[in-house]
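First the structure, in the form of structure tokens, and then the observations on it.
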Amino acid sequence: QVQLVESGGGLVQAGGSLRLSCVASGSIRSINAMGWYRQAPGKQRELVASLLVSGGRTNYAEPVKGRFTVSRNNAKNTVYLQMDSLKPEDTAVYYCNANFWDDWGRLRDSWGQGTQVTVSS
């Protein structure tokens, strides 16, 4: 069993900041990549930012480049998303994702339960 637990969402005014955290636990042998996705009402889930655990290469969606920063603590199987200069259009449920090898040698993806981020104008 693998769990991803997100925290840090909330309500913030435009221009403000929030920091999301996601902790992965359970039958994980090693993590290849972790990332953040978001889904706004009536829209499809989209990638926000991702990070390769080995090497630390990052990837950002165009709308968040220069405002969001993804980082990790490998020892704690934790990924963070620092969100600055937030805009109302950033309002969405944010989901953590992990791509990993489990204890049985299987390559898997797992999702967190989501955390709401609301940016008021």
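The values are calculated or read from the model by the stated rules, or taken from the named source; none is laboratory data. Since we're looking at a predicted model, the values are computed, not measured. Every residue, glycine as well, gets a Cβ built from its backbone with ideal geometry; the counts of neighbours run over all protein chains shown. Side chains included, ligands, DNA and RNA excluded: accessible areas come from the protein's heavy atoms. Shrake-Rupley method; radii C 1.70, N 1.55, O 1.52, S 1.80 Å.
Here residue 65 is the anchor, and the lysines within straight C-alpha reach of less than 24 Å, apart from those fewer than 8 places off in the same chain, are 43, 87. The ellipsoid that matches the Cα gyration tensor of region 38-98 has semi-axes, each √(5λ) in whole angstrom, of 21, 13, 10, with the longest given first.
With a cut-off of 9 Å between beta carbons, the residues surrounding residue 90 carry a summed charge of +2, where Lys and Arg count +1 and Asp and Glu -1. Note: relative contact order over the chain, using C-alpha pairs below 8 Å and six or more positions apart, is 36 percent. Dipole size of the chain about its Cα centre, with +1 on Lys/Arg Cβ and -1 on Asp/Glu Cβ: approximately 160 debye, rounded to the nearest 20.
Reported value for region 67-111: 83 Å³ per residue, from the convex hull of its C-alpha atoms. Shown for region 35-120: the carbon plus sulfur share of the solvent-accessible area, taken with all protein chains present and a 1.4 angstrom probe, equals 47%. Placing one equal scatterer on every Cα of region 1-41 and applying the Debye formula, the log10 ratio I(q)/I(0) at q = 0.16, 0.21, 0.27 Å⁻¹ is -0.58, -0.84, -1.10.
For region 1-108, the list of trypsin sites (Lys or Arg not before Pro) that fall in a loop by DSSP and count at most 10 other C-beta atoms within 10 angstrom reads 43, 57, 65, 106.
Taking the inverse of the mean 1/r over every pair of distinct Cα atoms in the chain gives a Kirkwood hydrodynamic radius of 14.4 Å.
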